[in-house]
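Okay, so here's the structure we're looking at.
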Amino acid sequence: MVKNIPVKILYKMKKIVFLTSTRGTNIKAILKRILDGHIKADPIAIVTDKPEAKALEVAKNFQVPSIVIPYRNYKKTPLDFHDKVHKTLVDLKPDLIVAAGYLRILQAPTVKKFKNRIVNIHPSLLPAFTGLHAPEQAMAYGVRFTGCTTHFVDEGVDTGAIILQACVAIKPGMSEMDLQREIQKEEHRIFPLTVQYFCEGRIKIIGRKTIIV
């Protein structure tokens, strides 16, 4: 649990678990908004499949408990890995799971158990350029605009109901690294906002559409 949050804010907070395989920059952006009081939530754990993930440093710096489930230990039995992740999440009992740079596909039992309680961010304007290397895909296709999307996780790959999107222009002479940096700036804006809206009960789902109330 993050320290220095007033007790009056901790009351009735949503419990959040983060899933990640990477650096944790989006997790850091969200935790900062929790600390400054904009997001009323209790970050109870950061779960990663990579012992070398930089996100573990974020967990340490923000004093959030971390759980490492090394995927490399389950290469011959991947189903056991997914079962372990599922059991860990069930035991933690989160109100919201935030997938931030998590490079594994959550399995059907987990998605069903936490239906409409798992959010992800993808570096494109979905439904365009799903899967890996989305900024590279966008540049190769020649589009003039791309961006990022927050969405609920379903059983497909980047196919869940869209929550928020932000647009980024692909300017002449821009490198892929430049584009990634611009997209990440928008990610750090809309992902915390998505978590905030969820914790405030402001996201309503009607079919494939979400409404912010």
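The values are calculated or read from the model by the stated rules, or taken from the named source; none is laboratory data. Computed from a prediction, not measured in an experiment: that's the story for all the values here. In this analysis, Cβ positions are derived from the backbone assuming ideal geometry, glycine residues included, and neighbour counts consider all displayed protein chains. Quick note on the areas: whole protein, heavy atoms, side chains included, nothing else; ligands and nucleic acids left out. Shrake-Rupley method; radii C 1.70, N 1.55, O 1.52, S 1.80 Å.
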Solvent-accessible area per residue for the range 3-100 at a 1.4 Å probe radius, Å²?
53 Å²
Candidate aspartates and glutamates - alpha carbon under 19 Å from LYS112, same-chain residues fewer than 8 apart omitted
ASP80, ASP83, ASP91, ASP95, ASP154, GLU155, ASP158
If contacts are Cα pairs under 8 angstrom and at least 6 residues apart, what is the relative contact order of the chain in percent?
19 percent
Take the residue pairs LYS15/LYS87; LYS87/LYS209; LYS54/LYS185; LYS54/LYS115 and return only those whose Cα atoms are more than 22 Å apart.
LYS87/LYS209; LYS54/LYS115
Per residue, how many Å² of accessible area does the range 101-170 show with a 1.4 Å probe?
49 Å²
Accessible carbon and sulfur surface of the range 100-140 relative to its total accessible area, %, 1.4 Å
57 percent
Roughly what would the spin-label model give for LYS209 and LEU79, points 7 Å off Cα along C-beta, in nm?
4.1 nm
Within 10 Å, count the other beta carbons around each residue, average over each peptide in 174-186, 53-65, and list them highest first.
53-65, 174-186
Could you give the length gained on full extension between LYS185 and ARG202, defined as 0.36 nm per residue of separation minus the Cα-Cα distance, in nm?
3.8 nm
Just grab the label-to-label distance for ALA108 and ALA161, each label 7 Å out from Cα along the Cβ direction, in nm (one decimal).
2.1 nm
Distance in nm between pseudo-label sites at ARG117 and ASP178 (7 Å out along the Cβ direction from Cα)
4.4 nm
With a 10 Å radius around each residue's Cβ, average the other Cβ atoms per peptide and rank 12-19, 201-208, 159-166, 43-50, highest first.
43-50, 12-19, 159-166, 201-208
For the chain, take every pair of Cα atoms, bin their distances at 5 Å starting from 0, and report each bin as a whole percent.
1, 7, 15, 19, 20, 17, 12, 6, 2, 0, 0
Just the accessible area for LYS171, please: 1.4 Å probe, Å², rounded to the nearest 10?
130 Å²
Gyration tensor (alpha-carbon) shape descriptor, the range 82-136, a/c threshold 1.5:
prolate
Convert each backbone phi in the range 190-196 into a coupling constant with the Karplus relation 6.51 cos²θ - 1.76 cosθ + 1.60 (shift: θ = phi - 60°), then list the ³J(HN,Hα) values in order as whole Hz, x for Gly and Pro.
8, 5, x, 5, 4, 5, 4
Show me the ranking of peptides 129-142, 86-99 by mean Cβ neighbours inside 10 Å, starting with the highest.
86-99, 129-142
